[in-house]
1. I want to check the label-to-label distance for M256 and A158. Put each point 7 Å from Cα in the C-beta direction and report it in nm to one decimal.
2. About its Cα centre, how strong a charge dipole does region 204-332 have in debye, to the nearest 20, once Lys and Arg get +1 and Asp and Glu get -1 at the Cβ?
3. Anything in the chain that counts as a DSSP H helix reaching 27 Å or more along its axis (C-alpha) with Kyte-Doolittle mean of at least -0.5? List them, would you?
4. To the nearest Å, what is the center-to-center distance of region 121-139 and region 323-377, using C-alpha atoms only?
5. For E132 paired with E248, estimate the spin-label separation in nm (one decimal), with each label point 7 Å from Cα along the Cα-to-Cβ line.
6. Given a Förster distance of 25 angstrom, what is the FRET efficiency for A294 paired with R274, based on the Cβ-Cβ distance and rounded to 0.05?
7. Going toward the positive end of the dipole of region 3-143, with +1 on Lys and Arg Cβ and -1 on Asp and Glu Cβ, which of I99, G15, V115 do you reach last?
8. Could you line up I265, I64 from fewest to most neighbouring Cβ atoms inside 10 Å?
Amino acid sequence: MRRTIAILGATGSIGTQALDIARRYPDHFYPVCLTAHASAEKLFQLVREFRPRVAALEIEPREIPEDVKFCQWIFGKNSSARVLAESGAEDALCAIVGIAGLDAVWTALDHCQRVLLANKEALVTGGNLVMEKAARLNKPLLPVDSEHSAIFQCLQGAGPNRPRRLILTASGGALRDFPLENLYYATPADVLKHPTWVMGKKITVDCATMLNKGLEVIEAHYLFHMPVEKIHVTIHPQSVVHSMVEFEDGAVLAQMGNPDMRGPIGYAMGYPHRLDYQARPLDFAAFSQLTFQAPDLKRYPCLGLALEAIRAGGTAPVILNGANEVAVAAFLMERIPFGAIAETVEKTLNRIQTAPVRSIEDVYAADALARKTAEQFLAK
Ligand code: NDP
Ligand code: MG
C-alpha cells in the first residue's frame, strides 16, 4: 500500500535522503508535499521528479517555472506548516532545522496520522507540549535521529519491561582529537569535517561542541519518558553502535549498523516494516576495535550546559537552544571563534531568569528573548 508523505525540509540532508528512499520505493511512498526555506531551484527540481500535490517555500521566488505550476504553491512565513492542511499527507517527515520547525511539528500532529521526527529542536523547546499533544491525539512520533531510532528499535522487544538506563553514543565530532589549547580558535573548515556522518552545517557544528548530544539527551527524556539521570552519554568514535538500552537485570541491547542516516530515516518511513535500501553490510572482521569513553566536559562545555538546562527545566532548554542557534550562525559566518559558542550560550542562560512553559507562546517568547540577549553578547 502506498503511503502519502509530506517531506518538510526536502532540500536538506535528511530530506534528500528520505527522498532517496522514496525514489527506490515508488510503490510504497508518494511524497505528496515538499517544502524548503529558500532553495527554490533545488525544490523545483524535486517537484519535477516527485510531482507532489503541494509545495511550499518560506522565501517566495521571483518566478515559478511553467513546468512546476501543476502543483499548488504556498509561500511565506510558516508555509511549511500551513501547507499541511492542503496536503492530505498521511505521514509528515519533519526535517526542518532549528526551532523554525516547531510550528510544522505542531501542525503535523493535527493533520497527519504519524509524525516522523528529525527536528530535535522542536522537542527540546516544545517537549512537554508536543508530547502531550501527540498523546492526546493518539499520534505516534517516530524518531529519526539515529540514537533515538536505535533506542526505539531496542525497545521493540522489551515487552512490559521498562529500561533502567539509556546510553546515547556520540562520535565526539570533528574536533574530538583537536589540541585542547587551539580549540577556542577552531574554524568552520575544521569543524565541518565530521569524521563519520555527512549532515547539515548546523548539526555538524553542534556535534563538534557536543551541544547536539545535550539536545539529544533532552529529546530522549521526552520521547522515552526517562529521567535525565538515567540517560548516559558515551563517546564511541566508530559510530557503529547507534545507542543502547539497559534493563533491570543488567542486559544491554545495542542497535548497530554502518553510519548511514537512510537506516533510521527508512525505519521511521517504513515502520513497522524494514526496508531494503541496499545498506552496506556491517563487516565485523574489518573492525579492529569498538571503543567507548566518557566525554570530557572541559573539551565539551556545551554538553554540561545542556544537562544543566534540562535539570533547571521550564524555559531553560528553550534559552539554551535559542542562544546556540544564534551563536552557531555567527560562527559559521566567521563572526565569532568556536570557543565563543559555549560562552554565548552560558552567558545567555545566566542572564535570563527561567520561567514555566505553559503554552507554545511561552516557548516563542523565551526563544525571542534568548536570541536578543545572545545577539547583545555577540555585539560586544
Ligand atoms: P539541513 O540544513 O541540511 O536542511 C534543513 C532543511 O530545512 C532544508 O530543506 C531547509 O531549506 C529547511 N529549512 C531551514 N529553515 C527553514 C524554515 N525556516 N522554514 C522551512 N524550512 C526551513 O539540515 P539537516 O537535514 O542536517 O537537519 C534537519 C533536522 O534533522 C535538524 O533538526 C537536525 O538536528 C536533525 N538531524 C539531522 C541529521 C542529519 O544527518 N543531517 C541527523 C539527526 C538529526 P533550504 O534548503 O531552503 O535552506
Ligand atoms: Mg543524532
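We did not get these values from a lab; they are worked out from the coordinates using the rules stated. If you're wondering where the values come from, they're calculated on a predicted model, not measured in any experiment. Positions of Cβ are backbone-derived with ideal geometry, glycine not excepted, and every protein chain shown enters the neighbour counts.
1. The answer from the label model is 2.2 nm.
2. Working: 8 positive and 13 negative charges, 44 e Å.
That gives a dipole near 220 debye.
3. Working: long enough: 360-379 (29 Å, 0.10).
Taking the DSSP H segments of the chain (at least 27 Å long, mean hydropathy at least -0.5), we get 360-379.
4. 22
5. About 3.1 nm separates the two model spin labels.
6. Values: r = 33 Å, r/R0 = 1.31.
Efficiency computed from Cβ-Cβ geometry: 0.15.
7. Toward the positive end, the furthest listed residue is V115.
8. On the way: I265 26, I64 17.
Fewest-to-most Cβ neighbours within 10 Å comes out as I64, I265.
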